[in-house]
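> Questions regarding the structure given below will be posed in turn.
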Amino acid sequence: MFENMPCDLCASFQPENGDEWRDAARRYAVRRGQAIGDIAGTDSWCASLATGILRIDASQGAPPRTVGLIFPGQIVAHPSDADPCGTAVVAVTRSDICLHARDDLRQVTERHPGVRRLLLRSAFQTLAETRRWMLVISRPRARERVAAFLVSVAGRFPTSDHDTFDLALSRGRIGELLGLSLETVSRQIHALAKAGLIALPGRRHVKLLNRSGLGAVAGMTFRHPSGAVA
C-alpha cells in the first residue's frame, strides 16, 4: 500500500490553537468510490489527504474520465464558482481526509501565517507535479507512458523496502490517465515484466526489479514526494 503521511495542515497548526483548529477542520473516513462532495456538500472546501488515494474525475462529456491523482500529504480544493469540467474528487481506496470549509479556513489563515505559507507551498508543489505529469502523458510511445506512470507512483516509496506496491487503480483507469486503451496498458505492463524491469506478483501488484532500467525507459528519475531524487 501507499505510504501514509500526516495531514500537513493539522501538523502545521500550533497545539495551543487546537480548539480553534478543530472548529475549522473535520476528519472523515472516506470509503472506496465515495466522492468528497458527498461529504462536503456544494459549498467550497479544501481537503488534506492523510491516508489513501483520491482520483479526480472530469465529467465533461460522457462517461466521466479520470484526469489526475491525489496522494497522501497533498491538498485539494473545490471552488465555489462553476466548474466547467464538472470535476469530482473520488476515493480510490479507503481514505482519511481533513476537510475544511473554505470560509472557516480563510479566517484561520488570516490569524495564522504558518497555515497560509503551507497552503502557498502546497499550491507550488501541485503546479510542479502537474508539469511533471504533463511530461508523463506527452511521451510519444505507449511503453514510455506506462513506464513513466510506474516511476511516478513508485516515487512515493523512499526506500528499497517498498519496491513492491499496489497500483490501486484498475488498468482501465490507468489508461484514462495516460490516453491509452486498457488493452494497451496491459500489453505494455507485461512487456516491461518480460524485459525484467518489473515483476507482477498479482494483477494490481508490481515489484520493481530494475529501477534504473525502468527510469531509462520512462526518461524520468524516481523522486520522493518531497521532490528529492530517489
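Since every read-out is calculated from the coordinates, none of them should be taken as a lab result. This one's a predicted model, so the numbers in the text were calculated from it and none came from an experiment. FYI the Cβ positions are ideal-geometry reconstructions off the backbone, even for glycines, and counts take in every protein chain you see.
> For region 139-218, taking Cα atoms only, what is the radius of gyration to one decimal and the Dmax to the nearest whole Å?
11.4, 32
> Then there is this: For the residue pair HIS205 and ARG32, what label-to-label distance in nm results when each label sits 7 Å from Cα along the Cα-to-beta-carbon direction?
1.5 nm
> About its Cα centre, how strong a charge dipole does region 139-218 have in debye, to the nearest 20, once Lys and Arg get +1 and Asp and Glu get -1 at the Cβ?
Dipole about the Cα centre, nearest 20: 200 debye.
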